[in-house]
Amino acid sequence: MALGVLDKRVVQERAVPGARFLVAGRRPLLLPVAAGVVEAGGEIAAICAPTPWRRYLGLVPEFVRHGELAREAWSFLYPVLKKSPRPLRPFSLVSAAGHSRVEEAVVAALDERGRPVPGSGKRFQADIVSVSDGLLPLARLARLRGCEQVYDPVGQYWTPRTDEGLRSTAPGVYIAGDSKGIGGRDLAEVEGR
């Protein structure tokens with residue numbers, strides 16, 4: 001099940017489609033969805049993300065600068081850490097198996113190139129396996145307009161280059177919100193003013 005679908009079922013519809021969940025993939029949805037599952041009464045068997053913890057050090061200044069981001073992140077992290085196993089990093093889903101539905105999943109540690117490390121597999125009982133490949137900026141229109149793109153190593157995506165006034169490299173084109181990066185509705189509202 002895609003992580004976005006699980007998010008909709010649990011957070012918006014308040015329906016828990018299983019009892020034991022394994023969530024895997026790229027941020028930013030892993031912790032909020034896992035927190036929603038825990039709050040709705042589900043159990044998290046494992047949380048697996050391919051990015052090593054050290055890669056998140058670049059986010060620390062953003063959390064300091066935007067206290068509301070730290071509070072929001074903690075609101076997701078606390079319920080998960082309180083009632084779930086510690087997230088596995090860098091790990092990825094390798095397989096899921098069962099007879100008429102998912103019954104178990106195997107995850108493995110990843111090497112520096114993102115490949116599974118032989119012999120590192122861990123098996124988990126789960127009746128729902130939910131996977132996400134992360135979110136990307138909605139930058140297609142900016143690319144079509146000819147805006148220069150730059151790689152964001154923290155977010156691990158390409159995004160339009162902008163200056164402090166959100167002006168792109170294309171004349172008359174300003175970029176804000178999720179067209180510029182992944183920041184959510186609150187950041188988009190502030191940037192768009």
Inset, instruction - State whether the residues of region 133-144 include one that is part of a strand (DSSP E or B) and among the aliphatic types (A, V, I, L, M). - result: no
Legend entry - Count of residues meeting criterion [surrounded by 14 or more Cβ atoms within 10 Å (Cβ to Cβ) and modelled with pLDDT of 90 or more] in region 126-147: 9
Legend entry - Count of residues meeting criterion [modelled with pLDDT under 90, open to solvent by less than 80 Å² (accessible area, probe 1.4 Å) and not in a loop (DSSP other than H, G, I, E, B)] in region 160-193: 7
Inset, instruction - Determine, yes or no, whether Ala108 is in a strand (DSSP E or B), without any contact (Cβ under 8 Å) to a residue 40 or more places away in the chain and either of a type outside the set (Val, Ile, Thr) or open to solvent by less than 50 Å² (accessible area, probe 1.4 Å) (or both). - result: yes
Inset, instruction - Quickly run through region 6-30 and pick out the residues that are surrounded by fewer than 22 Cβ atoms within 10 Å (Cβ to Cβ) and touching a Pro at 6+ places or on another chain (Cβ under 9 Å). - result: Asp7, Arg9, Val11, Gly25, Arg26
Legend entry - Answer from Pro50, Pro32, Pro28, Pro87 - the residue that is within 16 Å of the chain's Cα centre (by Cα) and at pLDDT below 75: Pro28
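The values are calculated or read from the model by the stated rules, or taken from the named source; none is laboratory data. In this text the structure is predicted, and so the values were computed from the model without any measurement. Positions of Cβ are generated from backbone atoms using ideal geometry, with glycine treated the same way; all protein chains shown enter the neighbour counts. Each accessible area value is taken on the protein alone, full model and side chains, heavy atoms only, with ligands, DNA and RNA left out. Shrake-Rupley method; radii C 1.70, N 1.55, O 1.52, S 1.80 Å.
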